[in-house]
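The structure appears below as structure tokens.
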Amino acid sequence: MIRAALQNPYAVVAISLIVVILGGVSYQNMVVDIFPEINLPVVAVATFYKGMGPSEIEGAITLRLEQLFLQASYVEHIESRSLPGVSLIKIYFHSSYDVNAGMAEITSLTYSALRYLPQGVFPPIIIKFGAASLPIGTLTVSSETLGEKEVRDLAYYGVRPQLANVSGVFVAPSFGGPLRQITVFLDRERMLARAISTNDIVTAVNAQSILLPAGNVKIGDFDYNVYTNSMIQLMEQMNDIPVKVVNGVPVLLKDVARAADSTIVQGNIVRISGRRAVYLPIMKQAGANTIQVIDGIKETLPKLLGLPKELTIRLIFDQSLYIRQAIQTLEHEGLLGGGLACLMVLLFLGSLRSTLIIALAIPLSILAAFVLLYITGHTVNIMTLGGLALVIGTLLDNNIVVLENVHRHLGTGKSPSQAAGDGTREVALPMLVATVSILIVYLPIMFFTGIVKFLFVPLALAVAYAMVISYLASMTVAPVAMATLFKAEPHESAHGQRLFDRLFFDPIVNGYVHALRWCLDHKALVVVTVTGIFVGSLLMAPRLATEFFPKVDAGQFILNVAAPEGTRVEKTEAIVAQIEDVIRQEIPTTELDQIVANLGLPHGWMVLFTPVNGPHQGFLLVSLTRAHRLRTDEVITRLRMRLAQEFPGLKFSFQTGGIVSDVLNFGLPAPIDIKVSGPKLTEVAEAASRIRAVAAQIPGTADVQVRQGMDYPELHLEVNRAKSAYMGLTEQRVVMDLITGLSPISGAGLDPLRRLPEHPPRWRPGRTAIGDQRRNPTWTRQLYGVSADPIPRTTDVAASWTG
């Protein structure tokens, strides 16, 4: 290799230029992110059944799917959450398994089980879930004049589709804002008067407004597409739907109810700076460039079309800012380190040509490492750049050794070409051994597992690539450069002839010689002193704090809030408003940038991306200004103390570190999570409480709590099926009528806040009730000549209500 390089110098120069060009192109095209891509294979399955309680969800959906997913290949473990109306299951595969194969297998198993799930369940949503699923930014949509429903519709149907064109972006559905729906508001008394039940109205609306394709018809020379008015186009037309015909007179919907353009019951509320609003979490596709995605979003925002001027759109919690700063810092420190290393070589060797030859190793090795990292599918991140910055000083060692040996051969009178060949060959094997000795230190990293493997393997590869290229460059590029630039006479003058040597280097050498002689004369004292320092360092090591990753002050934090279980989302919003006031009091206006609160459970599969378990929970995203002087840890410490004093009945926990902690925690709310499992939930909850009590006493712990709630309020209705059958009612009819809170069971709605249905409704003037309601539980009513069968009350068919 050395002989071939010296015989073909132009080829060596051409190859070096190719490496430089490919390295620059590779660096420009590589994905830039904060961490290497973490490919832990996880598949998430979300199944929805509106109105079903967590216990029913667990038994009817979650448990069945979990048992089925055990048939999948290479399953490491399965986690699930059963929430009101939602079943969330995460299947974790072994790290060696392909997530795409796992997703295909889970999809096949899931849809094969649909027939065994409760009738009416929505088809499950199945997605890959990992570190790439964490938001890299938040897009807030608000308005001071438009209503919350209009803002949500504009965000979902106006903003979101236009952002989807950005390369690599994944714009999830919106958080906050009520979903639009056409609601039929029933009049209980009018329905009773006309002997119309809830089921009659539901059946009529479904039958009169249905998507019914009419096909086509051929008439003459043309083929016509046929359209009908089967689907109601205008909301007002719904009020004219005939519900029932009584004595030849149709009863229209508007006679017993009112259709209105309304919204569903809102279970998710978003507050931005104290006002209700909507936000869109910005996520990226797997393998996409975070910085390019954010740049694409910023370029697209001013070009959005079809949006009113009253709408305010703002990108906050931009994680690319931290990524840019971290990457730029590493690049700056790497260049600074390389420059200082070359400066030291120049000062000690005193030759610009020698310094240039030695310094060639840095750009060639690093650019070649970028080429190899790009080919092997790695990214530019703090781990790969950190590895290259770590090895910069070592890259010079090989060229320095070659230079010194070639310099010695030149002093014997050899020609530059012969000296370069002989000097390089003599040190080739020792340099190879030294290079392998350094690389073998990183060999155990290849046996790491889990998230540590994904973080440190790219670092080790970056070091290995650079070191190997440095060795090859010292065997080829360095001898060619020396043969070209060096002269036949001795190249360098002796030490002591330069001013730097006389003033700085020689005194240091003389001092070292005197110190070495003293140590040789006092061997026992030196050995005892070194041993004492070593033992003392070992004793001090346990006192040092240990962290998996250095703490990061990202200028933002997340405050998780939990009110007493079952608290209505409206009440939770009022509590959060008070917490926002406390935050504004603790953080000066000049330091506080934004507060975004997300309360309650969102609709649809966005529950996969929220830690909230019910309407009583929420979280606040608090962002400080970029030029903030307050340390985030100090702010959290003050808030933790004050919130505990002013809100003793609430649970609080803080998340810090921004995207760094989110990735390292894999989206979990805390860096340390203890999972307790067992056959009985009550025993598991009791064990978890005992563990929490012990963990809370450990010094340094904070916000220790059990996130699984056990005290959510419930109502249980035991229906007497025999009594119901005597009255011509089925279990389904009883339950459905109670769910709607309407007659004919009780005639009085189910007030979810205060009372259970016990009494029939009061009659308006002009209506006649036959029978003594106080003494006779069976009663009838008569109006306009229309009579009805006796209507049972809830107490006639329900054995008991329990709470």
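What the table below lists for this structure:
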item	result
Restricting the range 101-139 to residues that are touching a helix residue (DSSP H, G or I) at 6+ places or on another chain (Cβ under 9 Å) and of a type in the set (V, I, T), the residue that is nearest to I316 (Cα to Cα)	I136
Count of residues meeting criterion [more than 26 Å from the chain's Cα centre (by Cα) and in a helix (DSSP H, G or I)] in the range 576-606	6
In the range 1-23, residue farthest from I323 (Cα to Cα) [restricted to those that are among the small types (G, A, S) and open to solvent by less than 30 Å² (accessible area, probe 1.4 Å)]	A5
Within the range 706-739, considering residues that are among the acidic types (D, E) and open to solvent by 80 Å² or more (accessible area, probe 1.4 Å), the one modelled with the highest pLDDT	E718
Which listed residue is open to solvent by less than 40 Å² (accessible area, probe 1.4 Å) and modelled with pLDDT under 80, from I382, I451, I358	I451
Residues that are within 14 Å of T62 (Cβ to Cβ) and exposed (fewer than 14 other Cβ atoms within 10 Å of the Cβ), drawn from the range 92-117	Y116
Lone unmet requirement of (1) surrounded by 17 or more Cβ atoms within 10 Å (Cβ to Cβ); (2) under 27 Å from I583 (Cα atoms); (3) at pLDDT 85 or above for A688	(2)
Failed condition for E718, given (1) farther than 30 Å from N199 by Cα; (2) in contact (Cβ under 8 Å) with a residue 40 or more places away in the chain	(1)
Pair list, Cβ < 6 Å and 6+ apart or interchain, from the range 111-129 residues that are under 22 Å from V42 (Cα atoms) to residues that are among the small types (G, A, S)	I125/A46; I127/A44; F129/A44
Of all residues making up the range 275-320, the number that are of a type in the set (D, E) and touching a Lys or Arg at 6+ places or on another chain (Cβ under 6 Å)	0
Residue count for the range 24-45, restricted to those that are surrounded by fewer than 20 Cβ atoms within 10 Å (Cβ to Cβ) and not in a helix (DSSP H, G or I)	6
Residue satisfying all of: in the range 315-337; exposed (fewer than 14 other Cβ atoms within 10 Å of the Cβ) and of a type outside the set (A, V, I, L, M, F, W, C); farthest from D33 (Cα to Cα) among these	H332
Whichever residue in the range 543-575 is in a loop (DSSP other than H, G, I, E, B) and without any contact (Cβ under 8 Å) to a residue 12 or more places away in the chain and, among such residues, is farthest from the chain's Cα centre (by Cα)	L544
Number of positions in the range 559-603 that are of a type in the set (S, T, N, Q), within 19 Å of L639 (Cα to Cα) and crowded, with 18+ Cβ neighbours inside 10 Å	3
Selection from the range 672-685 of residues that are over 19 Å from G59 (Cα atoms) and open to solvent by 100 Å² or more (accessible area, probe 1.4 Å)	I672, I674, K675
Criterion (open to solvent by less than 20 Å² (accessible area, probe 1.4 Å), touching a residue at least 60 places away in the same chain (Cβ under 8 Å) and more than 28 Å from G137 (Cα to Cα)) met by exactly one of L403, L390, L373	L403
Matching strands (runs of 3 or more DSSP E) fully within the range 236-304 where at least 1 residues are surrounded by 19 or more Cβ atoms within 10 Å (Cβ to Cβ), touching a residue at least 60 places away in the same chain (Cβ under 8 Å) and touching a helix residue (DSSP H, G or I) at 6+ places or on another chain (Cβ under 9 Å)	257-263, 268-272, 275-284
Checking S197 against (1) open to solvent by less than 30 Å² (accessible area, probe 1.4 Å); (2) in contact with a strand residue (DSSP E or B) (Cβ under 8 Å, 6 or more places away or on another chain), the condition it does not meet	(2)
Cβ pairs under 6 Å, 6+ apart, first in the range 604-617 and under 19 Å from I125 (Cβ atoms), second open to solvent by 40 Å² or more (accessible area, probe 1.4 Å)	W605/I125
Flag if F48 is open to solvent by 40 Å² or more (accessible area, probe 1.4 Å) and within 30 Å of H616 (Cα to Cα)	no
Residue in the range 458-472 that is over 24 Å from N399 (Cα atoms) and at pLDDT below 90 present	yes
Criterion: assigned to a helix (DSSP H, G or I), touching a strand residue (DSSP E or B) at 6+ places or on another chain (Cβ under 8 Å) and open to solvent by 30 Å² or more (accessible area, probe 1.4 Å) - qualifying residue of E79, E66	E66
All positions within the range 76-103 that are of a type in the set (G, A, S) and closer than 16 Å to N39 by Cβ	S95, S96, A101, G102
Strands (runs of 3 or more DSSP E) wholly inside the range 108-219 that include at least 1 residues being within 18 Å of M606 (Cα to Cα)	125-128, 137-142, 169-171, 180-186
Within the range 215-252, tally of residues that are more than 47 Å from the chain's Cα centre (by Cα) and not β-branched (V, I, T)	15
Residues within the range 615-642 that are within 16 Å of Y322 (Cα to Cα) and surrounded by 21 or more Cβ atoms within 10 Å (Cβ to Cβ), tallied	3
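Yes/no per residue for (1) within 25 Å of L729 (Cβ to Cβ); (2) free of Cβ contacts under 8 Å to residues at least 40 places away in the same chain; (3) polar (S, T, N, Q):
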| residue | (1), (2), (3) |
| --- | --- |
| M191 | yes, no, no |
| S197 | yes, no, yes |
| I210 | no, yes, no |
| T228 | no, yes, yes |
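The values are calculated or read from the model by the stated rules, or taken from the named source; none is laboratory data. These numbers were taken from a predicted model, which means no experiment stands behind them. Note that we place each Cβ from the backbone using ideal geometry, even for glycine, and neighbour counts take in every protein chain shown. What goes into the accessible areas is simple: the full protein's heavy atoms, side chains included, and nothing from ligands, DNA or RNA. Shrake-Rupley method; radii C 1.70, N 1.55, O 1.52, S 1.80 Å.
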